[in-house]
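The values are calculated or read from the model by the stated rules, or taken from the named source; none is laboratory data. No experiment lies behind these values; they were computed from the predicted model shown. Quick reminder, even Gly has a Cβ in these numbers, built from the backbone with ideal geometry, and neighbours come from all protein chains shown.
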Amino acid sequence: MTLSATLKDKLLATDPESWTTFVEMFAEGEPDLPIDAEFAKELIAETGVGPVEDNARQYFEQSEKFFTTMTGMRRFRDWLYAGVLEGTTASDPETWAVRFLKLRSNPGEDGGYAEALELYQAMKVGDAKDVTLGAMAQLVVRGTYVTRDYTESLKYAQAASQHYIDAKDAAGASNASRKLGVALLYNGQVQAAFKVFASALQSRGPMFGGGGTTIYTKAPNEREEAIDEIQAIAEWADAKTPEWVRAVGGLAERWPEEADYLWPVYEQYVTMLFEETHNPESDIEVIVRQSGQRGLMETPARAIDIYLEFFPEDDWAWDQKKFIGEFRRVEDLIALKDSDFEKMVEGLTEILNEMRDKGELGERNLSFQVIDALVDGLVEAKDARALDVQKDIWEYKLDKYGECPAAWLEEQNYGTILIQFDRPDEARTHIQNALDKLKNQFGPEHPHVQMARRNLDRLNS
């Protein structure tokens with residue numbers, strides 16, 4: 001597939017029919033269109049790369065051969081950028097705009113750190129404008145988040161802010177300060193970071209509504225995972241965005257050394273949110289739901305308490321407060337495993353009995369957490385009460401549901417615990433009994449059947 005001289009002329013003249021033909025060349029898989037450095041440079045020579053991309057996007061949107069404009073634009077950009085950059089280096093000023101856009105949209109696995117740093121240094125030597133250097137320094141910062149070189153994060157975040165200040169670009173400086181706040185957090189300067197955020201997050205960020213690319217790598221610990229979330233949300237949020245508020249709570253919950261400072265900051269954000277929100281029910285739901293997805297307890301609990309001060313008639317919030325209280329009670333008991341094992345057992349047994357009386361065993365996620373913690377703790381301690389607890393659960397399900405897979409699985413679990421207490425004959429009887437019933441119900445290939453068979457095979461080996 002090649003571009004004829006006639007088609008090139010029409011494309012340069014922005015002929016609509018020719019542009020439609022051109023963009024549809026990218027419709028099937030990766031483009032077969034060969035790199036054409038001379039023509040790519042001609043395309044952007046008069047107007048610059050931005051208007052050319054806008055023109056291409058217009059025809060991608062009109063074409064019926066693309067499921068999404070994003071797919072077409074990605075292929076087109078790869079072709080255009082490769083052509084413009086062929087045979088050039090980062091020291092060529094005429095390529096800076098394209099190199100910047102290429103890094104912003106497709107930074108690579110390392111977040112583009114090495115390439116961005118090389119381009120930033122070339123721009124400084126080439127006396128690029130401060131606004132351009134500020135934008136470039138921010139791409140360097142983004143790369144350092146991926147490589148987790150936090151000293152460099154702070155260095156280039158400070159440089160970006162200073163470039164915008166020198167350019168007297170207040171909006172740019174404000175946006176750069178979002179990255180500065182995050183860099184301060186990564187470097188352990190928590191109070192300084194939130195002083196920066198207090199100013200920077202007075203309005204929505206530049207990433208609100210999309211744009212640019214963020215590259216994620218797995219954080220090495222919970223604290224950095226929480227900062228990673230702060231980093232992603234700070235790009236677009238303001239101080240009254242529920243996702244931001246929840247992220248600050250998550251940071252407080254995962255950074256105990258800074259909790260005395262962070263919890264009051266979080267509560268200030270929550271209070272400000274409910275003083276000014278137009279949709280309080282939705283906002284508290286976001287905080288509670290996202291906290292639950294991340295295994296956070298204190299974050300939703302504090303938010304609910306403040307919410308109820310503003311909206312005390314909300315029954316949903318009172319129910320959530322009750323549920324959170326129950327989960328926190330269980331978590332507190334589980335935390336006693338090493339320091340006061342007997343108190344943990346007594347407390348979890350009490351909760352288990354409460355759930356049995358209410359008919360909630362196996363009906364709520366919390367009941368599974370209680371059962372697992374109690375039984376596993378007793379088995380680990382070689383405490384024979386584990387057998388009594390597991391047998392009670394089996395008999396409870398038999399009584400409530402009759403002969404059914406839920407009860408058979410509990411009998412199988414009872415058998416596996418018998419193995420732990422050196423009672424292999426009894427264990428074999430119960431596991432075999434559960435296996436026969438499960439196999440009859442589901443057939444030989446079902447996961448429940450295979451699990452019971454593996455346990456039986458281990459016992460017989």
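Yes or no, residue by residue, for (1) surrounded by 13 or more Cβ atoms within 10 Å (Cβ to Cβ); (2) part of a helix (DSSP H, G or I); (3) out of contact with any Ser or Thr (no Cβ under 7 Å at 6 or more places or on another chain); (4) not aromatic (Phe, Trp, Tyr):
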position: ALA40; (1), (2), (3), (4): yes, yes, yes, yes
position: PRO51; (1), (2), (3), (4): yes, yes, yes, yes
position: ASP54; (1), (2), (3), (4): no, yes, yes, yes
position: GLN58; (1), (2), (3), (4): yes, yes, yes, yes
position: GLU61; (1), (2), (3), (4): yes, yes, no, yes
position: MET73; (1), (2), (3), (4): yes, yes, yes, yes
position: PHE76; (1), (2), (3), (4): yes, yes, yes, no
position: SER91; (1), (2), (3), (4): yes, no, yes, yes
position: GLY108; (1), (2), (3), (4): yes, no, yes, yes
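Could you tell me which residue of region 333-354 is surrounded by the most Cβ atoms within 10 Å (Cβ to Cβ), considering only residues that are touching a Gly at 6+ places or on another chain (Cβ under 9 Å) and part of a helix (DSSP H, G or I)? Write out each step before concluding.
Let us first name the residues in region 333-354 that are touching a Gly at 6+ places or on another chain (Cβ under 9 Å), namely 333-334, 336-337, 341, 344-345, 348.
Subsequent filtering for residues that are part of a helix (DSSP H, G or I) retains 333-334, 341, 344-345, 348.
On the way: LEU333: 22, ILE334: 17, PHE341: 15, MET344: 21, VAL345: 22, LEU348: 25.
Ranking the candidates gives LEU348 first.
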field: Odd one out for ASP357 among (1) part of a helix (DSSP H, G or I); (2) of a type outside the set (Phe, Trp, Tyr); (3) modelled with pLDDT of 95 or more
entry: (3)
message: Being crowded, with 18+ Cβ neighbours inside 10 Å and among the charged types (D, E, K, R) is the filter here; which residues of region 268-293 pass it?
response: ASP283
- request: Answer with yes or no whether TYR120 is part of a helix (DSSP H, G or I), in the same structural domain as VAL23 (by TED's automatic domain parsing), at pLDDT 90 or above and among the hydroxyl-bearing types (Ser, Thr, Tyr).
  value: no
- prompt: Does GLU313 meet the test of being part of a helix (DSSP H, G or I), free of Cβ contacts under 8 Å to residues at least 60 places away in the same chain and not small (Gly, Ala, Ser)?
  reply: no
- prompt: Just to be sure, is GLU285 among the charged types (D, E, K, R), out of contact with any Lys or Arg (no Cβ under 8 Å at 6 or more places or on another chain) and more than 19 Å from GLU331 (Cβ to Cβ)?
  reply: yes
- request: Quickly run through region 236-253 and pick out the residues that are under 26 Å from GLY172 (Cβ atoms), among the small types (Gly, Ala, Ser) and surrounded by 24 or more Cβ atoms within 10 Å (Cβ to Cβ).
  value: ALA247
message: I'd like to verify a number: residues in region 219-235 that are in contact with a Phe, Trp or Tyr (Cβ under 6 Å, 6 or more places away or on another chain) and surrounded by fewer than 19 Cβ atoms within 10 Å (Cβ to Cβ), how many?
response: 1
message: Tell me yes or no: at least one residue of region 119-132 is of a type outside the set (Phe, Trp, Tyr) and within 23 Å of ILE233 (Cα to Cα).
response: no
query: Got at least one residue in region 418-429 being buried (at least 16 other Cβ atoms within 10 Å of the Cβ), touching a residue at least 40 places away in the same chain (Cβ under 8 Å) and under 40 Å from the mean Cα position of the chain (by Cα)?
result: no
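Across region 29-62, which residue is modelled with the lowest pLDDT among those that are among the charged types (D, E, K, R) and over 32 Å from the mean Cα position of the chain (by Cα)? Can you show your working first?
Of region 29-62, the ones among the charged types (D, E, K, R) are 30, 32, 36, 38, 41-42, 46, 53-54, 57, 61.
Now restrict to residues that are over 32 Å from the mean Cα position of the chain (by Cα): 32, 36, 38, 41-42, 46.
Numbers: ASP32: 71, ASP36: 91, GLU38: 94, LYS41: 94, GLU42: 94, GLU46: 86.
Out of the qualifying residues, it is ASP32.
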- line: By residue number, the members of region 80-111 that are farther than 19 Å from ILE35 by Cα, out of contact with any Gly (no Cβ under 6 Å at 6 or more places or on another chain) and among the charged types (D, E, K, R) are ASP92, GLU109, ASP110
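Does GLN138 fit the bill of being surrounded by fewer than 19 Cβ atoms within 10 Å (Cβ to Cβ), assigned by TED's automatic domain parsing to the domain that holds GLU224 and either without any contact (Cβ under 8 Å) to a residue 40 or more places away in the chain or within 26 Å of VAL245 (Cβ to Cβ) (or both)?
Numbers: surrounded by fewer than 19 Cβ atoms within 10 Å (Cβ to Cβ): no; assigned by TED's automatic domain parsing to the domain that holds GLU224: yes; either without any contact (Cβ under 8 Å) to a residue 40 or more places away in the chain or within 26 Å of VAL245 (Cβ to Cβ) (or both): yes.
Considered against the rule, which asks whether it is surrounded by fewer than 19 Cβ atoms within 10 Å (Cβ to Cβ), assigned by TED's automatic domain parsing to the domain that holds GLU224 and either without any contact (Cβ under 8 Å) to a residue 40 or more places away in the chain or within 26 Å of VAL245 (Cβ to Cβ) (or both), GLN138 comes out as no.
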query: Residue check: is ALA82 under 25 Å from GLU118 (Cα atoms), part of a helix (DSSP H, G or I) and in contact with a helix residue (DSSP H, G or I) (Cβ under 6 Å, 6 or more places away or on another chain)?
result: no
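Results for (1) at pLDDT 95 or above; (2) touching a Pro at 6+ places or on another chain (Cβ under 6 Å); (3) in the same structural domain as LEU418 (by TED's automatic domain parsing), shown as yes or no for each residue.
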{"residue": "ARG302", "(1), (2), (3)": "yes, no, no"}
{"residue": "LEU308", "(1), (2), (3)": "yes, no, no"}
{"residue": "VAL330", "(1), (2), (3)": "no, no, no"}
{"residue": "GLY362", "(1), (2), (3)": "no, no, yes"}
{"residue": "ASP392", "(1), (2), (3)": "no, no, yes"}
